[in-house]
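What follows is one structure encoded as structure tokens, with my remarks underneath.
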Amino acid sequence: MESRDWIEYIQKEHLEIVRLADKIAGALALASKDDFTERQKGLVELRSLQHGLLGVSQHCCAEDSILETDFHHYLDANQYDRLLKEHQAITRLVGSLLRELPYVTADSIRDLCPEGEQLLERIREHVAFEQDMLWQVEDRRLQYQ
């Protein structure tokens with residue numbers, strides 16, 4: 001697959017990840033409420049997003065493979081290192097959230113909210129950084145043609 005195709009593919013996945021992050025934010029907002037029924041709704045919504053969370057981890061792992069093969073020579077060492085570290089941090093946070101989610105209850109879900117908020121912050125910052133990086137890669141790729 002051409003580099004441009006990979007860039008478009010990653011950008012499409014970023015849109016899906018941002019949509020998922022918005023859903024997670026809504027679920028966390030409910031889960032942090034004082035009202036038990038609202039917390040219960042938030043917990044149900046978070047559990048319904050487990051598949052999407054797994055997709056975020058898979059995206060990070062797949063993207064690392066793409067970057068190692070296609071884009072590594074277009075990035076400076078600091079960008080590449082930051083990208084890999086962010087993928088690792090996001091994957092770790094997703095894994096932690098997924099391990100805890102089956103065991104929390106509506107009474108204890110608020111304890112999980114800070115971790116969920118941290119994940120959302122990381123995802124949003126990472127997508128913004130990576131979008132900038134992808135544009136840089138495309139510009140550099142075009143310069144070498």
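With respect to Val94, determine if the residue is modelled with pLDDT of 95 or more, assigned to a helix (DSSP H, G or I) and closer than 18 Å to Ser48 by Cβ. Spelling it out, Val94 is indeed modelled with pLDDT of 95 or more, assigned to a helix (DSSP H, G or I) and closer than 18 Å to Ser48 by Cβ. Please verify whether the range 27-43 includes one or more residues that are in contact with a Lys or Arg (Cβ under 8 Å, 6 or more places away or on another chain) and not in a helix (DSSP H, G or I). Checked against the condition, which is being in contact with a Lys or Arg (Cβ under 8 Å, 6 or more places away or on another chain) and not in a helix (DSSP H, G or I), the range 27-43 yields at least one hit. Of the listed requirements (1) under 20 Å from Trp6 (Cα atoms); (2) modelled with pLDDT of 95 or more, Ile66 misses just one: (2).
Exactly one residue out of Glu115, Glu121, Glu86 is touching a His at 6+ places or on another chain (Cβ under 7 Å), at pLDDT 90 or above and at negative phi, and it is Glu86.
Evaluate the range 74-86: report whether one residue or more is among the polar types (S, T, N, Q), more than 21 Å from Glu16 (Cβ to Cβ), in contact (Cβ under 8 Å) with a residue 12 or more places away in the chain and crowded, with 17+ Cβ neighbours inside 10 Å. Checked the range 74-86: at least one residue is among the polar types (S, T, N, Q), more than 21 Å from Glu16 (Cβ to Cβ), in contact (Cβ under 8 Å) with a residue 12 or more places away in the chain and crowded, with 17+ Cβ neighbours inside 10 Å.
Say we look at the range 20-44 and pick out the residues that are among the hydrophobic types (A, V, I, L, M, F, W, C), surrounded by fewer than 17 Cβ atoms within 10 Å (Cβ to Cβ) and without any contact (Cβ under 8 Å) to a residue 24 or more places away in the chain; which of these is farthest from Val104 (Cα to Cα)?
Initial filter on the range 20-44 (among the hydrophobic types (A, V, I, L, M, F, W, C)): 20-21, 24-25, 27-31, 36, 43-44.
From what is left, the residues that are surrounded by fewer than 17 Cβ atoms within 10 Å (Cβ to Cβ) are 25, 29, 36, 44.
Still in the running and without any contact (Cβ under 8 Å) to a residue 24 or more places away in the chain: 29, 44.
On the way: Ala29: 16, Val44: 11 Å.
Among them, the one singled out is Ala29.
When you look at Gln131, is it out of contact with any Pro (no Cβ under 9 Å at 6 or more places or on another chain), closer than 26 Å to Tyr9 by Cα and either in contact (Cβ under 8 Å) with a residue 40 or more places away in the chain or not in a helix (DSSP H, G or I) (or both), yes or no? Walk me through it before giving the result.
On the way: out of contact with any Pro (no Cβ under 9 Å at 6 or more places or on another chain): yes; closer than 26 Å to Tyr9 by Cα: yes; either in contact (Cβ under 8 Å) with a residue 40 or more places away in the chain or not in a helix (DSSP H, G or I) (or both): yes.
Answer is yes for this residue.
The values are calculated or read from the model by the stated rules, or taken from the named source; none is laboratory data. Just so it is clear, the structure is predicted and the values come from calculations on it, not from any experiment. Glycine gets a Cβ as well: all are built from the backbone with ideal geometry, and neighbour counts include every protein chain shown.
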